[in-house]
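K.L.:
Quick one: this structure, given as structure tokens, is what I'll be asking you about.
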Protein chains: 2
Amino acid sequence: MGRFLTLALLYLVAFTSAVAAADPLPSWNEGPAKQSIVTFVEAVTTTGSPDFVPPEDRIATFDNDGTLWPEQPMYTQLAFALDRVTAMAPLHPEWKDTQPFKAVLDGDLKALAAAGQKGLLELVTATHAGMTTDEFSKIVTGWLATARHPRFERPYTDLVYQPMLELLAYLRANGFKTYIVSGGGVEFMRPWTNAVYGVPPEQVIGSSIKTVFEMRDGLPRLFRQPEINFIDDKSGKPVGINQFIGRRPIAAFGNSDGDLEMLQWTTLIPQRRFGLIVHHTDAEREYAYDRNSAFGKLDVALDAAALNRWTVVDMKNDWIVIFPFEQK
Amino acid sequence: MGRFLTLALLYLVAFTSAVAAADPLPSWNEGPAKQSIVTFVEAVTTTGSPDFVPPEDRIATFDNDGTLWPEQPMYTQLAFALDRVTAMAPLHPEWKDTQPFKAVLDGDLKALAAAGQKGLLELVTATHAGMTTDEFSKIVTGWLATARHPRFERPYTDLVYQPMLELLAYLRANGFKTYIVSGGGVEFMRPWTNAVYGVPPEQVIGSSIKTVFEMRDGLPRLFRQPEINFIDDKSGKPVGINQFIGRRPIAAFGNSDGDLEMLQWTTLIPQRRFGLIVHHTDAEREYAYDRNSAFGKLDVALDAAALNRWTVVDMKNDWIVIFPFEQK
């Protein structure tokens, strides 16, 4: 081999490695989903591009359940509420004979389902109210430290989607401010989102119950009331985004019909915007569900994705790994 | 003079100038108020200090009316609402005979005052609802461009307190995230706070009316409803802070009884914290009022300041200039 050719080949190898090393989304297979993300980010961050967006307006909003971590076999926060009923039962002997608490204590999921939305609300208020905000935060942190996902037998916070962690970091490296906009309880998420997702408390928007301020023995506290304050789901998502951020996102990421309005609000304007739906297609490594699921139903939003050319991630084919612990 | 002495003197002059040039609060007279600010900031930002606070927890919250800009002879937003009634009157012939609108159109402040809180609420909903969030933002921007303060005959956004602008910048230079937490309407403030205070929309917390999300002709919009959503005043301030930021501030700045609970929530914990009250004592350059004022009443919070050793700023004596345009 001539010296020139050797050098050229060495150069090529070095160059290819550099490119591979620089891939910000290594857990994403090459394909239209990954390509659409990179193309969008380059379009809005390249100075002089017709689609350029100044850094302060680079707001990206992410749903949580089913978008950043699993929501099967039930929402993590529901598992928390059920565990809290069991833990609190000795203080509530009346629960043995009162629905929906009896159903939880008997492990009777059919009776629990029969209690419907009203029953769920009773469970949430009984387990999420009646303490200060600081106390609730400690209860959540304590539960997450010991609770295990029934199928994967790992802490819930181990079960975040590795490709989405890379996506969050990639967007932040490109000047985006990343927000969580979830139907889940904001105070259930804030204790851990910074450590797990790199999203600080002030960038977490969620559902909430009412709190009241009180001075007690000369010390101030916020006490959690058994009353819904705000439901951050469906049309509540754009409302919450406007209320908390006051800017319209330029990219939104979801996985269910609960995210439809957030994606509409974000993308249906003349400027270049980005919408993405995570489609759960991998029963082997995670779960496969869409139009008929009890948790994270994806039906209208899947049709809307096709209509509005939102990116649809096929988890089975687009993601090389699902969870961080699968990485080699 | 010996050469050594000359050099030493030159050095001293240079050093003194450097220190003077570096004063981050040049519109504050030397005194206990300025000293308390600098001492606190140094305590919480010096690595190894027992009071050190990591940058991500350096949250500072500022009231707006009376703390960052004037609230006399009436709240700026009330002046806006009254002007809107006049502007909208041709479309509402019935207002000529209906209170509180008649009082506004007749310039009858006595009748307006008689309409009380209920009347005020009617004025706000009539002038602040019934349009999209984007439309309202344009109305506010348009009004601020032409409206003038009745006494100072300048745009309201010229009338921000120069010493407080310096304080905001000083805190940010020391890693603080500065928030506005105001009883005023959040959508009345967000269009201009970034340009005027360097506080971006997502760091503005305020009162709000309800909005609903709608798809109209295939386009998404948020429509403003004539219904109160949240009052960010008094005990609403710590509630709003917890809801929007999810962290407890380490410093809070206010000027009236409406800020009492925010200062209690911020300062009444064992760690070193900072509370400050702006006391309006300068009738000549601005206004002098406290315990008996219709706007910005400072009574309970003034007593609480003494009790809790919050810094009380005496505007007349502590501030070298009040407004930016007074600077030489």
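Just so you know, all these numbers are worked out from the coordinates, no wet-lab data involved. All figures in this text were calculated on a predicted structure; none of them were measured in a lab. We place every Cβ from the backbone using ideal geometry, glycine too, and count neighbours over all the protein chains shown.
K.L.:
Which FRET efficiency, nearest 0.05, do B:Glu227 and B:Asn194 yield, Cβ-Cβ r, R0 22 Å?
P.N.:
Working from the Cβ atoms, E equals 0.20.
K.L.:
A further question follows. Let's see if you can work this out: charge +1 on each Lys and Arg Cβ, -1 on each Asp and Glu Cβ, no other charges. What is the dipole magnitude of segment A:265-318 about its Cα centre, in debye to the nearest 20?
P.N.:
Values: 7 positive and 8 negative charges, 64 e Å.
The dipole magnitude comes to about 300 debye.
K.L.:
Could you line up A:Leu302, A:Leu25 from fewest to most neighbouring Cβ atoms inside 10 Å?
P.N.:
On the way: A:Leu302 20, A:Leu25 17.
The fewest-first ordering by Cβ neighbours comes to A:Leu25, A:Leu302.
K.L.:
Local charge sum around A:Pro150 (other residues, Cβ-Cβ under 15 Å, Lys/Arg +1, Asp/Glu -1)?
P.N.:
Spelling it out: positives minus negatives among the neighbours equals -2.
K.L.:
Ordered shortest first, which distances in nm separate the 7 Å Cα→C-beta label point of B:Glu30 from those of the other copies?
P.N.:
List, nearest first: 6.9 nm.
K.L.:
Through the Karplus equation 6.51 cos²θ - 1.76 cosθ + 1.60, θ set to phi - 60°, convert the phi angles of segment B:137-142 into ³J(HN,Hα) values in whole Hz; use x for Gly and Pro.
P.N.:
3J(HN,Hα) across segment B:137-142, in whole Hz: 4, 5, 4, 5, 4, x.
K.L.:
Right, another one. Grab the beta carbon distance between B:Lys328 and B:Asp158, set R0 = 22 Å, and tell me the FRET efficiency rounded to 0.05.
P.N.:
0.85
K.L.:
Under the Karplus relation 6.51 cos²θ - 1.76 cosθ + 1.60, θ = phi - 60°, what is the ordered set of whole-Hz ³J(HN,Hα) values for segment B:317-323, x standing for Gly and Pro?
P.N.:
For segment B:317-323, the Karplus curve yields 9, 8, 10, 6, 10, 9, 10 Hz.
K.L.:
Taking the Cα centre of chain B as the origin and placing charges on Cβ (Lys, Arg +1; Asp, Glu -1), which of B:Ile241, B:Thr146, B:Ala114 is farthest toward the positive end of the dipole?
P.N.:
The residue sitting farthest along the positive end of the dipole is B:Ile241.
K.L.:
Another one. Give the whole-number value, in cubic angstrom per residue, of the convex hull volume spanned by the C-alpha atoms of segment B:87-147.
P.N.:
98 Å³
K.L.:
Please list, in chain and number order, the residues 5+ apart from A:Gly185 or on another chain whose amide H is under 5 Å from its amide H, with Hs placed from the backbone.
P.N.:
Answer set, sorted by chain and number: A:Ser207.
K.L.:
Look at the axis of the rotation that sends chain B onto chain A, then give the chain B residue with the nearest Cβ and the distance in whole Å.
P.N.:
Its Cβ sits closest to the axis: B:Phe244, 3.
K.L.:
A further question on this structure: ³J(HN,Hα) across segment A:150-156 via Karplus (A = 6.51, B = -1.76, C = 1.60, θ = phi - 60°), whole Hz, x for Gly/Pro?
P.N.:
Ordered by residue, 3J(HN,Hα) equals x, 8, 8, 6, 9, x, 4 Hz.
K.L.:
What distance in nm separates the simple spin-label points at B:Lys210 and B:Arg309, each placed 7 Å from Cα in the Cβ direction?
P.N.:
4.7 nm
K.L.:
Let me ask something additional. In what order do A:Trp192, B:Trp265 fall by count of nearby beta-carbon atoms within 10 Å, going from fewest to most?
P.N.:
A:Trp192, B:Trp265
K.L.:
In nm, what does the list of distances from A:Met131 to its counterparts in the other copies look like, shortest first, when each label sits 7 Å along Cα to Cβ?
P.N.:
4.7
K.L.:
Taking amide H positions as placed in the peptide plane 1.01 Å from N, state which residues far from A:Thr132 in sequence (5 or more) or on other chains have amide H under 5 Å from it.
P.N.:
So A:Thr132 has HN proximity to A:Arg224.
K.L.:
Considering the options B:Tyr75, B:Pro32, B:Phe62, tell which one lies farthest towards the positive end of the dipole of segment B:18-76, charges being +1 on Lys and Arg and -1 on Asp and Glu at the Cβ, about the Cα centre.
P.N.:
Value computed over the given set: B:Pro32.
K.L.:
Do any GluC sites (Glu not before Pro) in segment B:242-328 lie in a DSSP loop with no more than 11 other beta carbon atoms within 10 Å, and if so, which?
P.N.:
Filter output for segment B:242-328: B:Glu284.
K.L.:
Taking the square root of 5 times each eigenvalue of the Cα gyration tensor, what semi-axes in Å does the equivalent ellipsoid of the protein assembly as shown have, largest first?
P.N.:
44, 34, 28
K.L.:
With +1 on each Lys and Arg Cβ and -1 on each Asp and Glu Cβ, and nothing else charged, work out how big the dipole of chain A is about its Cα centre, in Debye to the nearest 20.
P.N.:
Numbers: 31 positive and 39 negative charges, 93 e Å.
Using only the charged Cβ atoms, the result is roughly 440 debye.
K.L.:
When a footprinting reagent is the concern and you count Cβ atoms within 10 Å, what order do A:Met215, A:Met74 take, fewest first?
P.N.:
A:Met215, A:Met74
K.L.:
Determine the shape class of segment A:205-311: with a ≥ b ≥ c the square roots of the Cα gyration tensor eigenvalues, call it rounded for a/c under 1.5, and otherwise prolate if a/b is greater than b/c, oblate otherwise.
P.N.:
Taking the square roots of the gyration eigenvalues as a ≥ b ≥ c, segment A:205-311 is oblate.
K.L.:
Here's a follow-up. Just list whichever of B:Lys110/B:Lys234; A:Lys234/A:Lys297; B:Lys34/B:Lys237 have alpha carbons separated by over 19 Å in the model shown.
P.N.:
B:Lys110/B:Lys234; B:Lys34/B:Lys237
K.L.:
Distance in nm between label sites at B:Ile269 and A:Thr98, each 7 Å beyond Cα in the beta-carbon direction?
P.N.:
Reported label-point gap for B:Ile269 and A:Thr98 is 3.3 nm.
K.L.:
Rounded to the nearest 20 debye, what is the charge dipole size of segment B:134-290 about its Cα centre when +1 sits on each Lys and Arg Cβ and -1 on each Asp and Glu Cβ?
P.N.:
Charge dipole, segment B:134-290, about its Cα centre: 480 debye, nearest 20.
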